[in-house]
1. Which of the peptides 73-80, 57-64 is most tightly packed, and how do the rest follow, going by the mean number of other Cβ atoms within 10 Å of each residue?
2. Using a 1.4 Å probe and counting only protein heavy atoms, arrange S87, S3 so the residue with the most accessible area comes first.
3. Could you report the chain's accessible area per residue, 1.4 Å probe, as an integer in Å²?
4. When the solvent-accessible surface of protein heavy atoms is calculated with a 1.4 angstrom probe, in what order do H27, H52 fall, highest first?
5. With all protein chains present, how much of the accessible area of the chain (probe radius 1.4 Å) comes from carbon and sulfur, to the nearest whole percent?
6. Taking the Cα atoms of the stretch 26-82, report the difference between the largest and smallest coordinate on each principal axis, in whole Å and largest first.
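The values are calculated or read from the model by the stated rules, or taken from the named source; none is laboratory data. Please read these numbers as outputs of a predicted model, since none were measured by experiment. Note that each Cβ is placed from the backbone with ideal geometry, even for glycine, and that neighbours are counted across all protein chains shown. Note: accessible area is taken over every heavy atom of the protein model, side chains too, but ligands, DNA and RNA are not part of it. Shrake-Rupley method; radii C 1.70, N 1.55, O 1.52, S 1.80 Å.
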Amino acid sequence: MLSNVERFLVLYGVDANSDEAADVYLHADNVTNWAQVVSIRMYVVLRSSETHIVQAPSSYRIDGRTETPDNPADKRLYRVFSTTVSSRNR
């Protein structure tokens, strides 16, 4: 599988106005009508295996928000990978 995964996040695209496009991406516990889910957005944050690679503690961005690593003092390098897939069996 994958090593050095800092974070894995899944958000669900909800079509609130019936135009067959996601209007908002929500965490699973915030989805009130699963029939409105039209896509899924996934994020994987990977960290370097070595510490003290960057000079200052770094952060990363997920879905427009800045996130702080679990252990920022280790000065690892972080990279975010994301993809969005539509739900075909709607």
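1. Details: 73-80: 15.5, 57-64: 12.9.
Packing order, densest peptide first, comes out as 73-80, 57-64.
2. Numbers: S87 50, S3 85 Å².
Most to least solvent-accessible, the answer reads S3, S87.
3. For the chain, the per-residue accessible area is 68 Å².
4. Working: H27 65, H52 125 Å².
Highest to lowest solvent-accessible surface, that is H52, H27.
5. 47
6. Reported extents, whole Å, longest axis first: 46, 16, 15.
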